[in-house]
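Below: one structure, written as structure tokens.
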Amino acid sequence: MNRREFLTTAAALLTVAALPALPAFAQDELANAKQAGLVGERPDGLVGAVPGAPASAAALAERVNAARLARYGEMAQANGTSVQAVQAIAGKELIARTPAGQYVFANGTWVRK
């Protein structure tokens, strides 16, 4: 991806990021799971269940990821770039926005930020 594509994708991400990709109750469920240390943000813009989390955390991650991938696909198509490029930008931004104490996937392992 060249610099222009990157900036266009980044601008689109920031514009769309404020729009909920999930219903409000699912956003609350995700926020609660993150605060409880059950799921965390990944560099690919998706969430993952932290090892030892119950099956319900993995199911939540699957639902959230399906919604995010759909949104990333829309953004990629609108900006003429790849879904992977959008995911990379989203992952970086979501990890940066993760509050201290919550999990992120970094260097191949889950760590508390």
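The values are calculated or read from the model by the stated rules, or taken from the named source; none is laboratory data. What you are looking at is a predicted structure, and each value in this text was computed from that prediction instead of being measured. Every residue, glycine among them, receives a Cβ derived from its backbone with ideal geometry; neighbour counts consider all protein chains shown. All accessible areas refer to the heavy atoms of the entire protein, side chains included, with ligands and DNA or RNA removed. Shrake-Rupley method; radii C 1.70, N 1.55, O 1.52, S 1.80 Å.
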Write down the accessible area per residue of the range 44-91 in Å², having rolled a 1.4 Å probe over the full set of protein chains.
44
Which of the chymotrypsin sites (Phe, Trp or Tyr not before Pro) found in the range 72-105 are in a DSSP loop and have at most 11 neighbouring Cβ atoms, other than their own, within 10 Å?
none
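How would Lys92, Lys113, Lys34 line up by accessible area, probe 1.4 Å, largest first?
These residues rank, largest area first, as Lys92, Lys113, Lys34.
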If I compute solvent accessible area with a 1.4 Å probe over the protein chains, what percent of it on the range 29-77 is carbon and sulfur?
56
Need one value: the accessible area of Thr109 in square angstrom, 1.4 angstrom probe, rounded to the nearest 10.
70
Quick one: if you stick a label point 7 Å off each Cα along the C-beta vector at Lys92 and Ala26, how many nm between them?
2.7
